[in-house]
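Notes for the one structure printed next.
Values quoted throughout were computed directly from the atomic coordinates according to the rules given, and no laboratory measurement underlies them. The shown structure was predicted, so the numbers you read here are calculated from the model rather than taken from an experiment. Neighbour counts run over all protein chains shown; Cβ positions are idealised from the backbone, glycine included.
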Amino acid sequence: MSDSPKRDVRNHVLFEVATEVANRVGGIYSVLKSKAQVTTAEYGSMYTLLGPLNRASAAVEVEEIEPRDPALIATIKSMNDRGIQTLYGRWLIDGAPRVLLFDTGTGYYKLDEWKGDLWSTAGIPSPPDDHETNEAIVFGYLIAWFLGEYAYHNKENAIIAQFHEWLAGVALPLCRKRKIDVTTIFTTHATLLGRYLCAGSVDFYNNLQYFDVDAEAGKRGIYHRYCIERGAAHSADVFTTVSHITAYESEHLLKRKPDGVLPNGLNVKKFSATHEFQNLHQTNKDKITDFVRGHFYGHNDFDPEKTLYYFTAGRYEYRNKGVDMFIESLARLNHRMKSANSDMTVVAFIIMPAQTTSLAVEALKGQAVIKSLRDTIGHIERNVSKKLFEKSLAWHEGTEVPDEKDLLTSQDKIMLRRRLFAMKRHTLPPIVTHNLVADTEDPVLNQLRRCQLFNHPSDRVKVVFHPEFLSSGNPVLPMDYDDFVRGTNMGVFSSYYEPWGYTPAECTVMGVPSITTNLSGFGCYMEELIENASDYGIYIVDRRMKGVDDSVNQLTEFMYDFTKKSKRQRINQRNRTERLSDLLDWKRMGMEYVKARQLALRRAYPDSFGDDNEEPGFFDGTENIKISRPLSAPGSPRERSGMMTPGDFASLQEGREGLSTEDYIAWKLPEDEEEQDYPFPLTLKAKSKEPGQGLGLSSGSGTPTMVNGNGSTSLPLRTQVSSSSTQ
């Protein structure tokens, strides 16, 4: 690269490569979609997403346009002339980024040739019958072809290509072998081997350094995929992950210490409800209560005002998502609440898609019975209202005031009695809303049976397993996922393997307290960013340093303590949780991507930076500043610090009585976080290198500093947030 003409590193071109561009498959789609607005604001037309063409989704998500960049036009034409079909257009999402999609089917005529080349140049094998790997190889070679052509036609601008996940990673070793003049970043959102090992009931984190990675990948039939992932990690100029826990995992499984951590953000505006979110909580909670009344008809012996709704949701990965731990903790919570004679009731929802045949008859019947009762009472109510109005019109002095016995006819009483008799139930309410294909083999149902969580009237913890994604068209629970989350009181995500964790992050921006673990990326991030996360409604279970039984007891304790909170305390905690939203916004998280790109440019074009070729520690995180405990205080005219919070007489009185009903958080983000404009382009200055201090790249919340064997730098696993991340 050093012999090539000097490229303009300030006005560089950015390509982002992933298999989920305008093609929803998993979580990377959410990352790209929510981040697009911030990245487009920075780069404009210099930013293009590259992905495979899925004609079904592209037809509704992409608007075809003509490219204007001469180098891009020439590159697309060259590939089209050789039989590769492409689609260039705007992705119809916030920010409307430009996308270039390649029809991988038109490249399969070269598949065998490319497989041979991949083996001879990178030593990566590829079996003939693995369609997913074949797709990855064809897509990777098309991307390498595209980048080579584009770098030839555009010799003025520096080119950055960022790749997400192993499915897009085949092009990375090819770019390195062919010496294509681009600088590359590889971001892994989870390691292949890590996901397989965790799903197999292995003591993963305590044995990371001892695994024979090649043998373990071979035993699971994924050695070729593992080779692609490891080759991509080692071939990239900058290697990043989404969390510190994944960085620790990648260091041992992929044998390269990550250069940085790029946490996943959210488009907070999408979830923002400002002061309305408390009202939305109550509105949606009432909808959930309507479902609960139907589901538990005949056993509605608990007060909705003293009922809390907990839930867990995600892919059906029974152990990885911590469902086993959640159910065990519910059983212990049930025992503890019964022993304490608690008057509270917890209804726990498990929302995870499984193979089903149909809705359960009992679940449908419950909703139908309650609807009939509501319709009948509505009919009687209208009749009584009409009769009362007419009798009142006919009333004159000296006559009796209309009596209730004259208002309710015998026909109304019979109809009401029939509805009440229909609510008789001689069985317990069902624990699942659907009929599963393999009912006797389902791990969730088997553990519920083993823990004897059968929704008995004496149980203070009720369970509802809903093995389908939520939607407003569902006849049993007609709510979209976002509305359902807003209506719950707490999300519980006791994951064992969770590289990031969008579900607790979504709870946070919607003002719903959540429980996560220090084995999830989100949990680690919050633990390092906030002094006492539980004060802000983020409860973190220790699954790393504690045994299983201790972790289950800790989760049970968190859930039990929450049941003891008063309604005012829960309202205040939701306010605290919602105020963390800005910490998860892409306007903040996107800064980590900016730092990674700056590092990539420095490594590829060191001569363009006049600072003695020293890599500044963009992500050092040496200031060790954390967000402190919330300063709760009632508003007062004497307070002039600018940190006033709403206070009223009731708050003061409850405080004097020692009820611990602390009012709203006083802490808020600095004013400069409120600005809507994102200050691009960024010019990052080199930091002076102190004697004995290593240069490293870490995330905004800190990472380990260490020098790799290839001379590049990487991070500490556990340091604290730098002031640049909190200001």
Normalise the Debye intensity by I(0) for segment 172-247, one equal point scatterer per Cα, no solvent, then take log10 at q = 0.12, 0.26 Å⁻¹ and round to two decimals. -0.39, -1.26
By the C-alpha gyration tensor axes a ≥ b ≥ c (rounded if a/c is under 1.5, else prolate when a/b exceeds b/c, else oblate), the shape of segment 11-113 is oblate
Filter on K6/K587; K287/K365; K285/K462; K255/K321; K35/K595 - keep pairs with C-alpha separation over 20 Å: K6/K587; K255/K321
Find how many whole Å separate the alpha carbon centroid of segment 160-200 from the alpha carbon centroid of segment 311-333. 31
Mean 1/r over distinct Cα pairs of segment 143-197, inverted to a Kirkwood Rh in Å, yields 12.2
P(r) of segment 362-422 over all Cα-Cα pairs, binned every 10 Å from zero, in whole percent: 21, 39, 23, 13, 4, 1
Can you put H466, H426 in order, fewest other beta carbons within 10 Å first? H426, H466
Debye calculation, C-alpha points only, no solvent: report log10 I(q)/I(0) for segment 203-338 at q = 0.22 Å⁻¹, in the same order as the q values. -1.45
D_trans [Stokes-Einstein, Kirkwood Rh over alpha-carbon pairs] for segment 552-612, 4 °C, 1.567 mPa s, µm² s⁻¹: 81
Which of V31, V268, V238, V361 has the fewest other C-beta atoms within 10 Å, and how do the rest follow up to the most? V361, V268, V31, V238
Find the centroid of the Cα atoms in segment 348-418 and in segment 233-264, then give the distance between the two in whole Å. 61
Amide H neighbours of V13 under 5 Å, at least 5 residues apart or on other chains, H built in the peptide plane: list them. A158, I159, I160
Summing +1 for each Lys or Arg and -1 for each Asp or Glu, what net charge is found among the other residues whose Cβ lies under 11 Å from the Cβ of T577? +2
If one computes P(r) from the Cα atoms of segment 235-312, what percent of pairs lie at distances over 21 Å? 60
Please give the peptides 535-543, 99-107, 298-306, 148-156 ranked by average Cβ packing (other Cβ atoms within 10 Å per residue), highest first, as a rough proxy for protection. 535-543, 99-107, 148-156, 298-306
Taking amide H positions as placed 1.01 Å from N in the peptide plane, with prolines and chain starts having none, which residues 5 or more places from L50, or on another chain, fall under 5 Å of its amide H? E16, V17, A18, L100
Amide hydrogen neighbours beyond the local backbone of D585, cut-off 5 Å, H modeled: L266
Calculated SAXS-style log₁₀ I(q)/I(0) at q = 0.13, 0.24 Å⁻¹ - segment 66-174, Debye, Cα scatterers: -0.53, -1.47
Could you work out Rg/(2.2 N^0.38 Å) for segment 8-261, with Rg from alpha carbons only? 0.99
Quick check: net charge around T376, other residues with Cβ under 12 Å of its Cβ, Lys/Arg +1 and Asp/Glu -1? +4
Whole-angstrom gap from segment 559-601 to segment 134-152, using each part's C-alpha centre: 38
Run the numbers on segment 8-261 and let me know its relative contact order in percent, using alpha-carbon pairs under 8 Å that are six or more apart. 18
Rule-of-thumb Rg ratio for segment 374-478 [Cα; 2.2 N^0.38 Å; N residues]: 1.79
So, over other residues within a Cβ distance under 9 Å of P353, counting Lys, Arg +1 and Asp, Glu -1, the net charge is 0
Note on segment 41-126: contact order normalised by length, alpha-carbon pairs under 8 Å, 6 or more apart, percent, works out to 33
For segment 27-77, take N as its residue count and report Rg(C-alpha) divided by 2.2 N^0.38 Å. 1.29
Can you list the HN-Hα couplings for segment 318-333, worked out from phi with the Karplus curve (6.51, -1.76, 1.60; θ = phi - 60°), rounded to whole Hz and with x for Gly and Pro? 3, 8, 4, 7, x, 5, 4, 5, 4, 5, 4, 5, 5, 5, 5, 4
Step through the residues of segment 494-499 one at a time and calculate ³J(HN,Hα) from phi using the Karplus curve (6.51 cos²θ - 1.76 cosθ + 1.60, θ = phi - 60°), rounding each to whole Hz and writing x for Gly and Pro. 8, 5, 8, 10, 8, x
Starting at the first residue of segment 58-75, write each ³J(HN,Hα) from the Karplus equation 6.51 cos²θ - 1.76 cosθ + 1.60 with θ = phi - 60°, in whole Hz, x for Gly and Pro. 5, 4, 10, 10, 10, 9, 5, 9, 8, x, 10, 5, x, 5, 5, 4, 5, 5
